[in-house]
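Report on the structure given below.
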Amino acid sequence: MTASPLDDFATVLQRCGIDLTALQGSDIAVRSPIDGTELARLAALPAAHMPAVIGRSDQAFRQWRLTPAPVRGELVRLWGEELRRAKADIGHVVSREVGKIVQEGLGEVQEAVDICEFALGLSRQLHGKTIVSERPGHRIMEQYHPLGPVAVITAFNFPSAVFAWNAAIALVCGNPVIFKPSEKAPLSGLATFKALERAIAQFTAPFGDRAPAGLAQIVLGGGDVAEALVDSPQIALVSATGSSRMGRAVGPRVAARFGKRILELGGNNAMIVTPAADLDMAVRAIVFSAVGTAGQRCTTLRRLIVHRDVKPALLDKLLKAYASLRIGDPLQPGTLVGPLIDEAAFNAMQHALAQARQQGGTVLAGGRRVLAEPFPQGFYVEPAIVDMPAQTAIVRQETFAPLLYVLSYEELEQAIAWNNDVPQGLSSCIFSNDLREVETFLSAAGSDCGMANVNIGPSGAEIGGAFGGEKETGGDRESGSDAWKQYMRRTTNTINYSRELPLAQGIRFG
Ligand code: NAD
């Protein structure tokens, strides 16, 4: 295996606007999962500084909320341009820092560009309704107003796009943002944030105003920094992406102060393959969604629920496809599966495999560590397929690794019941060309997930739709559609233009 062309990483960071010397410290060791090399050692912000950070955000809010929304849109337009210009560099940082293959690193930055464009259009469409009144000479309308400072806490596996999903929408909605990236991937977060800073520096409103100081801030750190955001009554919305364990800690704390939150948590996504499926298409979708990003997407396919009549043919094709997967350095052309984020992720996968065996499972493929020789500090695994006799306890858990469980069903009702019988509810899909099966899966008695797809895998969502899931996935939505409403406060205004004062519901008073 040839060495990665990684030597110029410092130059890439410089081009992204990251000055490592200014950030140096001993708190956060950033390692590349490719080979375990230490990429940076960064200082965490002491939690004692957080009130000042939050105070600046609150000050910025007072100005930004008065900037017209279409003018705010100009800022995200500039951000999108900066991201486009820096796409190759930020994509490279993502690949180095979290081990995504080049195409996926670039795709992640493209997603950030896409959401800026979506948010630009949205900046002219923050519409409320006009509602007919039951009273003569009255009119009712809704307005959406800016909410206040928004904290964005992100997971390691989408270190660039998830910040952009939240920040682009929050900014056009009139809110400042404070970004706390994952301590496992702060450089990708910084690179994305620096592009926003460059956009802010260029931004001038038509009436001459600049963006307020403190409109966008980044804070590096761990639990104490995040908790300061979670607990502050000045943070109007906490948008937190990560494990359900994190959500279980964050959700009640935000609720205790009656704050708003968007929780985007773990997934345990299934595909149902029926006898009416195009099996070749299904195999391609399974491979991408089960092994892409080395199984470390929240929407990764983790459970394959296949009809017993097509199971042998499907598994035959699938095992052949798995046998030809190129595992290795994600920066090398042709690699399809990069490393796991760290040793703990590898150990969690091994633990899950052992549990699956104990619970009656048979490992059909993969599961072993590979490339330990060139990369003793890199954790590469063969993606695993495990045939399970039933949906046992381990199958119902999210293991953040390329580990696909296979279950076989006889009746569609059973398959849908299994699809739903897990604590998480993020994404799901069915492969079938039978209209009755498809519509049943999409119906009120079908998949209970936030996303239910047909003839396409569970991962790889577009930004235009609302993204998120039910149950332990958090119940919230972000990104497209009307997810923007969560970043604003709604007011209902009743306007009386008559000379009378009639009461609603026909009430006579006095
Ligand atoms: P994680 O929960 O370990 O960390 C996520 C973020 O939360 C980090 O920034 C971390 O510092 C912060 N955090 C952790 N505990 C906290 C606490 N008690 N209070 C405040 N902040 C806290 O997750 P991870 O390992 O980085 O990411 C993988 C997980 O994220 C998987 O479960 C995956 O499914 C999920 N994920 C979900 C989505 C989604 O949109 N639903 C997207 C990406 C990842």
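The values are calculated or read from the model by the stated rules, or taken from the named source; none is laboratory data. Computed from a predicted model, the values in this text were never measured in an experiment. Backbone-built Cβ (ideal geometry, glycine too); neighbour counts: all protein chains shown.
Data overview
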{"quantity": "In segment 439-451, residue farthest from the ligand (Cβ to nearest atom) [restricted to those that are crowded, with 19+ Cβ neighbours inside 10 Å and of a type in the set (A, V, I, L, M, F, W, C)]", "calculated": "Phe441"}
{"quantity": "Selection from segment 452-468 of residues that are aliphatic (A, V, I, L, M) and crowded, with 23+ Cβ neighbours inside 10 Å", "calculated": "Ile463"}
{"quantity": "Single match in Ser481, Ser443, Ser447 (criterion: touching a helix residue (DSSP H, G or I) at 6+ places or on another chain (Cβ under 6 Å) and either at pLDDT 95 or above or closer than 30 Å to Ile131 by Cβ (or both))", "calculated": "Ser447"}
{"quantity": "Output for segment 381-429, where each listed residue is surrounded by fewer than 20 Cβ atoms within 10 Å (Cβ to Cβ) and assigned to a helix (DSSP H, G or I)", "calculated": "Glu413, Gln414, Ala417, Trp418, Asn420"}
{"quantity": "Residue that is closer than 26 Å to Pro51 by Cβ and β-branched (Val, Ile, Thr), where the choices are Ile140, Ile131, Ile153", "calculated": "Ile153"}
{"quantity": "Residue list for segment 207-216, restricted to those being without any contact (Cβ under 8 Å) to a residue 60 or more places away in the chain and either within 16 Å of the ligand (Cβ to nearest atom) or closer than 28 Å to Asp476 by Cβ (or both)", "calculated": "Ala216"}
{"quantity": "Wholly within segment 108-203, strands (runs of 3 or more DSSP E) carrying at least 3 residues that are surrounded by fewer than 17 Cβ atoms within 10 Å (Cβ to Cβ) and touching a residue at least 12 places away in the same chain (Cβ under 8 Å)", "calculated": "138-146"}
{"quantity": "Single condition Ala354 does not satisfy, out of (1) hydrophobic (A, V, I, L, M, F, W, C); (2) closer than 25 Å to Pro33 by Cα; (3) in contact (Cβ under 8 Å) with a residue 24 or more places away in the chain", "calculated": "(3)"}
{"quantity": "Segment 231-245: number of residues that are within 9 Å of the ligand (Cβ to nearest atom) and surrounded by 23 or more Cβ atoms within 10 Å (Cβ to Cβ)", "calculated": "4"}
{"quantity": "Which numbered condition Arg396 fails, given (1) more than 30 Å from Glu183 (Cα to Cα); (2) charged (D, E, K, R); (3) in contact (Cβ under 8 Å) with a residue 24 or more places away in the chain", "calculated": "(1)"}
{"quantity": "Subset of segment 159-189 (residues that are small (Gly, Ala, Ser), within 14 Å of the ligand (Cβ to nearest atom) and over 11 Å from Val94 (Cα atoms))", "calculated": "Ala164, Ser182"}
{"quantity": "Within segment 4-54, considering residues that are of a type in the set (D, E, K, R) and either without any contact (Cβ under 8 Å) to a residue 12 or more places away in the chain or in the same structural domain as Phe346 (by TED's automatic domain parsing) (or both), the one nearest to Leu371 (Cα to Cα)", "calculated": "Glu38"}
{"quantity": "Pairs, first within 25 Å of Val381 (Cα to Cα) in segment 303-328, second among the aromatic types (Phe, Trp, Tyr) and at pLDDT 95 or above, C-beta under 6 Å, six or more apart", "calculated": "Arg303/Tyr405; Ile305/Tyr409; Ile305/Trp418; Ile327/Tyr380"}
{"quantity": "Flag if Asp342 is among the charged types (D, E, K, R) and surrounded by 14 or more Cβ atoms within 10 Å (Cβ to Cβ)", "calculated": "yes"}
{"quantity": "Single residue of segment 264-307 satisfying the filter (small (Gly, Ala, Ser), within 16 Å of the ligand (Cβ to nearest atom) and assigned to a helix (DSSP H, G or I)) that is nearest to Ser459 (Cα to Cα)", "calculated": "Ser289"}
{"quantity": "Close pairs from segment 217-231: first farther than 17 Å from Ala170 by Cβ, partner within 10 Å of the ligand (Cβ to nearest atom) and assigned to a loop (DSSP other than H, G, I, E, B), Cβ under 6 Å, at least 6 apart", "calculated": "Gly222/Glu183"}
{"quantity": "Hits in segment 286-331 (condition: of a type in the set (S, T, N, Q) and crowded, with 17+ Cβ neighbours inside 10 Å)", "calculated": "Ser289, Thr293, Gln296, Thr299, Thr300"}
{"quantity": "Selected residue (only one of Thr204, Thr192 is more than 19 Å from Trp484 (Cβ to Cβ), within 16 Å of the ligand (Cβ to nearest atom) and in the same structural domain as Gly105 (by TED's automatic domain parsing))", "calculated": "Thr192"}
{"quantity": "Looking only at segment 246-263, and only at residues there that are assigned to a helix (DSSP H, G or I) and surrounded by fewer than 12 Cβ atoms within 10 Å (Cβ to Cβ), the one that is nearest to the ligand (Cβ to nearest atom)", "calculated": "Pro252"}
{"quantity": "Yes/no for Thr492 being among the hydroxyl-bearing types (Ser, Thr, Tyr), farther than 19 Å from Ser123 by Cβ and surrounded by fewer than 22 Cβ atoms within 10 Å (Cβ to Cβ)", "calculated": "yes"}
{"quantity": "Qualifying residue in segment 357-364 (condition: assigned by TED's automatic domain parsing to the domain that holds Ala290, among the hydroxyl-bearing types (Ser, Thr, Tyr), surrounded by fewer than 22 Cβ atoms within 10 Å (Cβ to Cβ) and in a loop (DSSP other than H, G, I, E, B))", "calculated": "no"}
{"quantity": "Residue that is farthest from the ligand (Cβ to nearest atom) [pool: residues in segment 463-498 that are without any contact (Cβ under 8 Å) to a residue 40 or more places away in the chain and in a loop (DSSP other than H, G, I, E, B)]", "calculated": "Asp482"}
{"quantity": "Leu220 being in the same structural domain as Thr154 (by TED's automatic domain parsing) and in a helix (DSSP H, G or I)", "calculated": "no"}
{"quantity": "Residue within segment 209-216 that is of a type outside the set (D, E, K, R) and in contact with a strand residue (DSSP E or B) (Cβ under 7 Å, 6 or more places away or on another chain) present", "calculated": "yes"}
{"quantity": "Residue pairs meeting the criteria (Cβ under 6 Å; at least 6 apart or on separate chains; first among the β-branched types (Val, Ile, Thr), in segment 254-280; second assigned to a loop (DSSP other than H, G, I, E, B))", "calculated": "Ile262/Asp476; Thr274/Ser432"}
